[in-house]
Amino acid sequence: MTIVSAPLAPPPWQPVSRRSLLTGAAALAAAQALAASPALAQLVIDLRKGTFQPMPIAIADFGGEGDMGPRVSGIITNNLKRSGYFNPLPRERHAERTPAFDGVPNFEAWKATGAQGLVVGRVVRDGARLRSEFRLWDIGSGQQLAGQQYFTDPNNMRRVAHIISDAIYTKVTGVGGFFDTRVVFVDESGPKENRRKRLALMDQDGANVRYLTNGDVSVVTPRYSPVSQEVTYMAQRLGEQPRVHVLNIESGARQVVGNFPDMTSSPRFSPNGQAIALSLQQGGNSNLYAMNLGSRSTTRLTDTAAIDTSPSYSPDGTQIVFESDRGGSQQLYVMGAGGGAAKRISFQQGSYSQPAWSPKGELIAFTKRGSGGFAIGVMRPDGSGERILTEGFHNESPSFAPNGQYIMFFRDPGGQSGGKLYMVDITGRVEQPVPTPAFASDPTWSPLLTEARS
């Protein structure tokens, strides 16, 4: 489904500032350089400080035909609020219900509301297509910081709302977006002793749930490809050995990876999506292998009497982090992507498992088990800078968002209930539940849909 976009210039009488032409990290640098100028108010959240306050922002009801505009602005409001970095003003506090899209807002009235930013937009039919437009205004300086229009099939309305959310989020934070993504997870239903486990797919905000497997086989540890709409996972039919599968989400085609005589588990795609690292159990131990999905050739990566499992590639594809009990307890190790000597990187009290390398490469997320339960944390690839982001009775399966700023995981409170999905940001200050239709576990985040190949 194609979405065509084009930049939207400010109204003719609105002067274009040099800052409005900058994006991403350049916007952040410009904001720091110009912070002393009262004439240019800065609509910036500097996340590197770790002490930010959510930014007050007003998302006005989008204009247009029928209820499409308010539906789009409602999705944007929900996205920005869930990010934890924005504090959308309630509608009753808005200075104008629907500001004129092609005019200049009443900035003095908006300043009185306490909002620092204002988002306006409209959604209209353009022949068979839908045209969605938005503007992001800096209320303090009275300048348009971003403006874009999108042309697409009306069925893509939710996706356009997510893309607009990403544009606003990136402009203000300097960090890439994550709203135009999907999540695959294990949907769990039935009594705890006999759960039916199906692979499910949804938008990152919990909408558009659909099931990828029917529950006739038990599934665990799904992992999204970083470059395509494919997912690998472990599946086991009653009485058979567990096998690693690859599923194309768009076509529904699936295949078993390899023809190993023993149990295979913990699959993870390489950064280019052309290989999978996995764990092969042989007797009482397991070792890591890499399989090229094109040639089906395999490379043995570890050769120990220990249990080596849960491999995760660095984003440049040169290294792998994995968990191993070769030292007596589960700890994290890093080695070259082709195998060889491994270096232990976890040394604090407790056991470590389920490592996941950040898409930016600067952090490794993990599950840590200690006397107080299970925690989700991060550390640098050399093991330094360990930080616990959230902890509780049972937290597991961290998965990074494609922008590296958030981690999704599941939490099980114990008893006869089941797991629920949550996301936490890498500062540890933002934690939000992720809605699912039933109990859920093992989340895995997709790449941005605008960047992923089908």
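The values are calculated or read from the model by the stated rules, or taken from the named source; none is laboratory data. Note that the coordinates shown come from a computational prediction; the quantities given were computed from them, not determined experimentally. Heads up, the Cβs are rebuilt from the backbone with ideal geometry, glycines too, and the neighbour counts pull from every protein chain shown.
Quick notes on this structure:
- The one condition from (1) in contact with a Ser or Thr (Cβ under 8 Å, 6 or more places away or on another chain); (2) outside the structural domain of Gly419 (by TED's automatic domain parsing); (3) at pLDDT 95 or above that Ile139 does not meet is (1).
- Here Gly215 meets the list (1) on the phi > 0 side of the Ramachandran plot; (2) in contact with a helix residue (DSSP H, G or I) (Cβ under 9 Å, 6 or more places away or on another chain); (3) modelled with pLDDT under 95 almost entirely, failing just condition (2).
- Residue in the range 123-137 that is closer than 17 Å to Gly63 by Cβ, surrounded by fewer than 21 Cβ atoms within 10 Å (Cβ to Cβ) and of a type in the set (S, T, N, Q) present: no
- Considering the range 97-107, the residues that are more than 21 Å from Phe86 (Cα to Cα) and not small (Gly, Ala, Ser) include one that is surrounded by the most Cβ atoms within 10 Å (Cβ to Cβ), namely Phe101.
- Looking across the range 98-127, the residues that are part of a strand (DSSP E or B) and in contact with a Gly (Cβ under 6 Å, 6 or more places away or on another chain) come down to Arg122, Val123, Val124.
- The residue that is farthest from Gln354 (Cα to Cα), among those in the range 189-242 that are hydroxyl-bearing (Ser, Thr, Tyr) and part of a loop (DSSP other than H, G, I, E, B), is Thr213.
- Number of positions in the range 338-359 that are in contact with a Gly (Cβ under 6 Å, 6 or more places away or on another chain) and either closer than 17 Å to Arg268 by Cα or among the aromatic types (Phe, Trp, Tyr) (or both): 2
- Within the option set Pro398, Pro435, being closer than 25 Å to Asp180 by Cα and in contact with a Gly (Cβ under 6 Å, 6 or more places away or on another chain) holds for one residue only, Pro435.
- In this structure, Arg369 does not qualify as free of Cβ contacts under 8 Å to residues at least 40 places away in the same chain and touching an Asp or Glu at 6+ places or on another chain (Cβ under 8 Å).
- Exactly one residue out of Gly336, Gly340, Gly361 is within 30 Å of Thr170 (Cβ to Cβ) and of a type outside the set (S, T, N, Q): that is Gly361.
- Restricting the range 282-307 to residues that are of a type in the set (S, T, N, Q) and surrounded by 14 or more Cβ atoms within 10 Å (Cβ to Cβ), the residue that is farthest from Gly383 (Cα to Cα): Thr298
- For the range 234-254, a tally of residues being crowded, with 19+ Cβ neighbours inside 10 Å and either under 17 Å from Thr181 (Cβ atoms) or within 18 Å of the chain's Cα centre (by Cα) (or both) returns 1.
- Out of Val183, Val219, Val257, one residue alone is touching a Gly at 6+ places or on another chain (Cβ under 9 Å) and of a type in the set (A, V, I, L, M). It is Val183.
- Put simply, of Ser279, Ser265, Ser228, Ser270 the only residue that is within 20 Å of the chain's Cα centre (by Cα), surrounded by 15 or more Cβ atoms within 10 Å (Cβ to Cβ), of a type in the set (Gly, Ala, Ser) and under 25 Å from Gln330 (Cβ atoms) is Ser270.
- Among the residues of this structure, Arg429 does not count as one that is surrounded by fewer than 17 Cβ atoms within 10 Å (Cβ to Cβ) and within 23 Å of Leu301 (Cβ to Cβ).
- Residue selected from the range 158-207 under the condition surrounded by fewer than 19 Cβ atoms within 10 Å (Cβ to Cβ) and under 19 Å from Gly69 (Cα atoms), by the criterion nearest to the chain's Cα centre (by Cα): Ala207
- Scanning the range 112-119 for any residue that is more than 16 Å from Met55 (Cβ to Cβ) and without any contact (Cβ under 8 Å) to a residue 60 or more places away in the chain turns up at least one such residue.
- Condition met for Pro402 (touching a Leu at 6+ places or on another chain (Cβ under 6 Å) and closer than 23 Å to Val220 by Cβ): yes
- Complete set of residues in the range 372-393 that are of a type outside the set (Gly, Ala, Ser), touching a strand residue (DSSP E or B) at 6+ places or on another chain (Cβ under 7 Å) and either in contact (Cβ under 8 Å) with a residue 24 or more places away in the chain or at positive phi (or both): Ile376, Val378, Met379, Pro381, Glu386, Arg387, Ile388, Leu389, Thr390
- Elements of type strands (runs of 3 or more DSSP E) in the range 326-391, at least 2 residues being modelled with pLDDT of 95 or more and either small (Gly, Ala, Ser) or closer than 14 Å to Ser310 by Cβ (or both): 331-336, 351-357, 364-370, 373-379
- Counted residues, the range 36-74 - those being at pLDDT below 95 and assigned to a strand (DSSP E or B): 2
- Here Asp308 fits the description: without any contact (Cβ under 8 Å) to a residue 40 or more places away in the chain and among the acidic types (Asp, Glu).
- One residue stands out in the range 308-352 among those that are more than 20 Å from Ala365 (Cβ to Cβ) and crowded, with 17+ Cβ neighbours inside 10 Å: the one that is nearest to the chain's Cα centre (by Cα), namely Gly339.
- Within the range 437-448, the set of residues being among the hydroxyl-bearing types (Ser, Thr, Tyr) and either over 17 Å from Val219 (Cα atoms) or under 14 Å from the mean Cα position of the chain (by Cα) (or both) comprises Thr444, Ser446.
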